[in-house]
1. What number of residues in region 79-122 are assigned to a helix (DSSP H, G or I) and within 12 Å of the chain's Cα centre (by Cα)?
2. When you scan region 123-153, how many residues do you find that are more than 21 Å from Arg81 (Cα to Cα), of a type in the set (Ser, Thr, Tyr) and within 12 Å of the chain's Cα centre (by Cα)?
3. Check off (1) surrounded by fewer than 19 Cβ atoms within 10 Å (Cβ to Cβ); (2) in contact (Cβ under 8 Å) with a residue 12 or more places away in the chain for Val90 and give me the number that stays unchecked.
4. Select from region 131-152 the residues that are part of a loop (DSSP other than H, G, I, E, B) and crowded, with 16+ Cβ neighbours inside 10 Å and write down the one among them that is modelled with the lowest pLDDT.
5. As an exercise: evaluate Val142 against (1) β-branched (Val, Ile, Thr); (2) in contact (Cβ under 8 Å) with a residue 24 or more places away in the chain; (3) more than 20 Å from Asp57 (Cα to Cα) and give the number of the one condition it does not meet.
6. Could you please let me know if Glu42 is exposed (fewer than 14 other Cβ atoms within 10 Å of the Cβ), of a type outside the set (Gly, Ala, Ser), under 17 Å from Gly65 (Cβ atoms) and modelled with pLDDT of 80 or more?
7. Return yes or no: is Ile130 farther than 19 Å from Val21 by Cβ, β-branched (Val, Ile, Thr) and in contact with a helix residue (DSSP H, G or I) (Cβ under 6 Å, 6 or more places away or on another chain)?
8. Here are Leu71, Leu62: which of them is closer than 14 Å to Val135 by Cβ, part of a helix (DSSP H, G or I) and touching a Phe, Trp or Tyr at 6+ places or on another chain (Cβ under 7 Å)?
Amino acid sequence: MKSVNTTSDSIVKRDIELEEVKECIMWYDTISDVYDELYSNEQMLKYDVIFSRLPKDLDVVLDVGCGTGNLLTYLVEMGYRLKYYIGLDVSSKVINIALRKAGYYKYLTDFIVADLTYPPIRTNYKFNLITLITVLRSHYNVGNIVKEYLSRVKDRGFIVYTV
């Protein structure tokens, strides 16, 4: 399991204003120690609704805006047999918490510190499931962002996002 930091001020492709990305990083870095206390219950309720509608054979997962890795925990506890999980988030501090949590699981996991509009993942790598849960806002260029991720979903795979 590893963490890669790719956040940069020199990103060319921009569907979210750079200043907003910086504010987001500062916010989540600031609350990282209480992130689970603030958001875990709400996220688990969303996961219950989402995953009640999806099959259990989703074994290659990209979790965009992964925070402290709550989705990984949820999938493991719900019996998903993951082969590979990648968590992506702009906050290195929440990623560090996710790395600690993931150490308890016997799955291949990677965590990447990156802006969601510039995912540093090979474009030919495909996922059964890509999630952007509680990540997108209505003033983002949601269409462009979702289109970018749709190209990374396997045939008969799923992309789940909330706005």
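The values are calculated or read from the model by the stated rules, or taken from the named source; none is laboratory data. These figures come from a predicted structure and were not determined experimentally. Heads up, the Cβs are rebuilt from the backbone with ideal geometry, glycines too, and the neighbour counts pull from every protein chain shown.
1. Looking only at that region, the number is 3.
2. Qualifying residue count for the region: 2.
3. Going through (1) surrounded by fewer than 19 Cβ atoms within 10 Å (Cβ to Cβ); (2) in contact (Cβ under 8 Å) with a residue 12 or more places away in the chain one by one, Val90 breaks only (1).
4. So the residue we want is Tyr140.
5. The one condition Val142 does not meet is (2).
6. So Glu42 fits the description; yes.
7. So Ile130 passes the test.
8. Going through Leu71, Leu62 in turn, just one is closer than 14 Å to Val135 by Cβ, part of a helix (DSSP H, G or I) and touching a Phe, Trp or Tyr at 6+ places or on another chain (Cβ under 7 Å): Leu71.
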